[in-house]
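Have a look at the structure below, then the notes.
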Amino acid sequence: MDTVAPPAAEAVFKLAGVRYVYNGRQVALDGIDLEIRAGEQVALLGANGTGKSTLLKMLDGIIGPSEGSMQALGADVRLVTAGDEAFRFHREVGLVFQDPDVQLFSPTVLDDVAFGPLQLGLSPEEVKRCCDEALDQMGIAHLADRAPFELSGGEKKRVAIASVLSLGPRVILLDEPTASLDPRTKWVLVNLIRMLGQSGRTIVTATHELDIVPVIADRVVVIGENRRVVADGRPSEVLANRELLIEANLIHEHLHQHGGLAHTHEHEHDGTHAHAHAAASGEVRTFRDPGP
């Protein structure tokens, strides 16, 4: 008996030959071909300055391509940037900026989380339900009456995500969500992001921190310093490709001489690094340190 393959998930984003140029002279993206399907957990990997944040803004409909075509939720993204589809679109796609202070502006955490649902004209009961669910998902219900400026960096990040979750989006875009966090806070947030993905949402996370990728992503898209997609695959495959990671400036290699011993370090941007020791005999041993 023949088996029927399950239908492929719908495409949430389709980009073909997308370029973006700031002020007519600064190229941020230079020929991006990319398709992201519903329910995928995608990590956008790239060194600083490779256009990850620009790409997220494009996926969120804040900006449109300078060249090329892009479909987002079945609509031309230029309609979203022009305002024609903006209301529907921004209810379904939410962007969490790298700096939470950009996103938090109300007197209390609850006010920030309630802002989106209130703009939709929901009833007080519906607004409360949306806020309660978002606060619970981020584990910050106890912060509801606090002022954002009183919070730690990690708490602010969770409030910023909750302010997006309260709209019930299908797609969440995260820009460097673990940047500048201490290790304990970082991994609490990583676990929360993982759980969001398990809920069936499409999650796209821009980062250059390689250690969080296997936890939050089932697909990795690498943007090279040429501002194009240079790799697209499973985390285990991409992260094992040492040459690719060095070329994309996600790890870097130092070579030192210690007498007859060649000593090579591969450093990740999160501070961890690997050692490869080559002795005169030709034997090579590799070690990985957690870094400082």
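The values are calculated or read from the model by the stated rules, or taken from the named source; none is laboratory data. Note that the structure is a prediction, hence the values are computed from the model and not measured. Every residue, glycine as well, gets a Cβ built from its backbone with ideal geometry; the counts of neighbours run over all protein chains shown.
Of all residues in segment 124-147, those satisfying the criterion of being in contact with a Ser or Thr (Cβ under 7 Å, 6 or more places away or on another chain) and in a helix (DSSP H, G or I) are C130, C131, A134.
The condition of being within 27 Å of E35 (Cβ to Cβ) and in a helix (DSSP H, G or I) holds for only one of E155, E225, E243, that being E243.
Taken as a whole, the structure places L135 among residues that are in contact with a helix residue (DSSP H, G or I) (Cβ under 6 Å, 6 or more places away or on another chain), buried (at least 16 other Cβ atoms within 10 Å of the Cβ) and in contact (Cβ under 8 Å) with a residue 12 or more places away in the chain.
May I ask you to list the residues in segment 116-136 that are modelled with pLDDT of 95 or more and not charged (D, E, K, R)? Passing the criteria: V127, C130, C131, A134, L135. How do the strands (runs of 3 or more DSSP E) wholly within segment 41-123 filter down when requiring 1 or more residues that are touching a Gly at 6+ places or on another chain (Cβ under 6 Å): which remain? Those strands (runs of 3 or more DSSP E) span 41-45, 67-72. Of all the residues in segment 94-132, those that are exposed (fewer than 14 other Cβ atoms within 10 Å of the Cβ) and over 22 Å from the mean Cα position of the chain (by Cα) number 8. Listed by first and then second residue, the pairs with beta-carbon distance under 8 Å, at least 6 apart or on different chains, first residue in segment 168-185 and part of a strand (DSSP E or B), second of a type in the set (F, W, Y), are D175/F97.
Residues in segment 278-290 include none that are modelled with pLDDT of 50 or more, in contact with a strand residue (DSSP E or B) (Cβ under 6 Å, 6 or more places away or on another chain), in a strand (DSSP E or B) and exposed (fewer than 12 other Cβ atoms within 10 Å of the Cβ). For segment 74-88, residues that are surrounded by fewer than 20 Cβ atoms within 10 Å (Cβ to Cβ) and either touching a helix residue (DSSP H, G or I) at 6+ places or on another chain (Cβ under 8 Å) or acidic (D, E) (or both) total 5.
Does segment 234-242 include one or more residues that are in contact (Cβ under 8 Å) with a residue 40 or more places away in the chain, assigned by TED's automatic domain parsing to the domain that holds I36 and crowded, with 20+ Cβ neighbours inside 10 Å? Yes - at least one qualifying residue is present in segment 234-242. Restricting segment 192-211 to residues that are polar (S, T, N, Q) and either within 10 Å of the chain's Cα centre (by Cα) or surrounded by 14 or more Cβ atoms within 10 Å (Cβ to Cβ) (or both), the residue that is nearest to G51 (Cα to Cα) is T207.
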